[in-house]
Amino acid sequence: MIKNRDIVVVGIQPWDIEIGSNCKNIATEMAKSNRVLYVNSPLNRLEYYKNRNSEKVAKRIAVLKGKKEAISEISKNLWQFTPRTLVEPVNSVSNKSIFNFFNKINSKRFAAEVNKAVKELGFSNYILFNDSSMFLGAHLDEYLDYDTQIYYIRDNLVHSPFPFWNTHGKRMEPQIVKKADLVVTNSLYYAQYAKEFNPNSYMVGQGCDVSLFDFIERKIEVADELKPISKPIIGYVGAIAKIRLDIQLLEHIAQSKPDWQLVLVGPEDEAFQKSALHGFKNVHFLGSKPSDQLPNFIKGFDVCLNPQILNITTIGNYPRKIDEYLAMGKPVVATQTTAMEYFANWVYLGETKEDYIKLIEKALTDDSPELAAKRREYALTHSWENNVKEIWDALDKVKGAVGSTQ
């Protein structure tokens, strides 16, 4: 385990992001035994002028103009830093030469600010942890004096539908993967991708705070909305979107087993709102629920589903909801993907609509309190503490004992 080191975290999510962040969780865990500087992405010039009245951008501008401190302490051994510079909005510029020219300028400006913060905090011989910053991070090896760079992949950004990432990401990310001393990922699929460019690439799993779903430590009651619904209940919680879920698969389950009640909890996209699923008497759309109520719905499920449709968005993603289902002790049936191989010993994995019917039947038949306890025990191993330990173990494999270890 790495201890008493200085660590600089750069990435694509600011500290004040509204949603959950793997990178923030990792940085917080690392700071328990090391000094950590979390660097926010700098403002780009377009954002500066277009969104200057928004609260978040106004904060950045105040820092930029020297009205607020650039470095602030979050907790013991953990600081956040907002660079006092603007970068040019070139990510969607299609011309490679123009992009490369301005991207290097951006990277140099960004690195100059990081160097100031590192000097102010007295960091030295530090580890650079790069959370998918493939553009600003492209030239940091030229401008920063770090000891080791770890590149972290947790999403398939380069094949996303967003021009911000895929215009240049497909050629830029392999370049930074090659430069890294170590590449760590939260998915077997991403690890296989990274190994094409860097043999020092490892799947280190994913941390997940499942304490909200711990059915032994917490008294969790079944949601009132589920009580009138007859058993068995086959359920799903999460975003109900065509890009992620297989509508035809769900229709097949509902039509093949009219005695099963299919319950879907979460916001629907337009495709689902118009789907034939709304015409089935045994399909129940319960809408969005606050996150702290989700355990109450999962509690009432007899089998939990993750009926993913196979595409470039879903095939590699680590499905955090699987940990939440398992922490509740529930049997889970999910679509077979490379990423889901990580859960192969704990989840029923299917490839076809017919597989799903057979596996749900098996899950209903096999379930027991003993299996529920084992599922919970497995889910609880996916803590952020264990995730960071896996990162340090991977670093030791690549570099040997680095710094002070224990």
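A short reminder: the numbers here are calculations on the coordinates, not readings from a lab. Since the model is a prediction, treat every value here as computed from it, not as a measurement. Cβ atoms come from the backbone with ideal geometry, glycine included; neighbour counts cover every protein chain shown.
Put in line by how crowded their Cβ is, counting other Cβ atoms within 10 Å and starting with the fewest, I17, I360, I247 read I17, I247, I360. In order along region 112-127, the Karplus-derived 3J(HN,Hα) couplings, from 6.51 cos²θ - 1.76 cosθ + 1.60 at θ = phi - 60°, round to 4, 5, 4, 4, 5, 5, 4, 5, 4, 8, x, 6, 8, 6, 8, 8 Hz, and Gly and Pro are given as x. Along the chain, the exposed loop sites are GluC sites (Glu not before Pro) outside DSSP states H, G, I, E and B with at most 16 other Cβ atoms within 10 Å, and the longest stretch free of them is 222-350. With springs only between Cα atoms under 10 Å, which of S72, S41, S383 fluctuates most in a Gaussian network model of the chain? For the chain, modelled as a Gaussian network with Cα springs under 10 Å, the answer is S72. Rounded to the nearest 20 debye, the dipole magnitude of region 211-380 is 160 debye, with +1 charges on Lys and Arg beta carbons, -1 on Asp and Glu beta carbons, and the Cα centre as origin. Toward the positive end of the charge dipole of the chain, with +1 on the Cβ of Lys and Arg and -1 on the Cβ of Asp and Glu, the farthest Cα among A372, A327, N25 is that of N25. Between E270 and N115, the contour length at 0.36 nm per residue exceeds the Cα-Cα span by 51.1 nm.
Comparing L326, L128, L245 in a Gaussian network model of the chain where C-alpha atoms under 10 Å apart are linked, the largest mean-square fluctuation is found at L245. Think of it as helices only: each DSSP H run of n ≥ 4 in the chain is worth -39500 (n - 2.57), and spread over all residues that comes to -10500 deg cm²/dmol at 222 nm. Principal-axis analysis of the Cα atoms of the chain puts helix 353-366 at an angle of about 80° to the longest axis.
A simple rule links phi to the HN-Hα coupling: the Karplus curve 6.51 cos²θ - 1.76 cosθ + 1.60 with θ = phi - 60°, which for region 179-193 gives 6, 5, 6, 8, 10, 10, 9, 9, 8, 4, 4, 5, 5, 5, 4 Hz, with x for Gly and Pro. Phi angles of region 228-244 translate, via the Karplus equation with coefficients 6.51, -1.76, 1.60 and θ = phi - 60°, into HN-Hα couplings of x, 8, 6, 8, x, 9, 9, x, 9, 10, x, 5, 9, 9, 4, 5, 10 Hz per residue; Gly and Pro are given as x. Put in line by how crowded their Cβ is, counting other Cβ atoms within 10 Å and starting with the fewest, T28, T335 read T28, T335. Rounded to the nearest 20, the size of the Cβ-charge dipole of region 293-368 about its Cα centre is 220 debye, with Lys and Arg at +1 and Asp and Glu at -1.
Assuming a ≥ b ≥ c are the square roots of the Cα gyration tensor eigenvalues, decide whether region 211-380 counts as rounded (a/c under 1.5), prolate (otherwise, with a/b larger than b/c) or oblate. Verdict is rounded for region 211-380. The charge dipole of the chain, taken about the Cα centre with unit charges on the Cβ atoms of Lys, Arg (+1) and Asp, Glu (-1), comes to about 1340 debye, rounded to the nearest 20.
Over the chain, the hull volume per residue, using the convex hull of the C-alpha atoms, is 157 Å³. The distance separating the Cα centre of region 321-355 from that of region 273-295 comes to 20 Å.
Between region 24-87 and region 194-268, what's the alpha-carbon centroid distance in Å? The two parts, judged by their Cα centres, are 34 Å apart.
A simple spin-label model places the labels of I105 and K56 2.6 nm from each other, with each point 7 Å out along Cα-to-Cβ.
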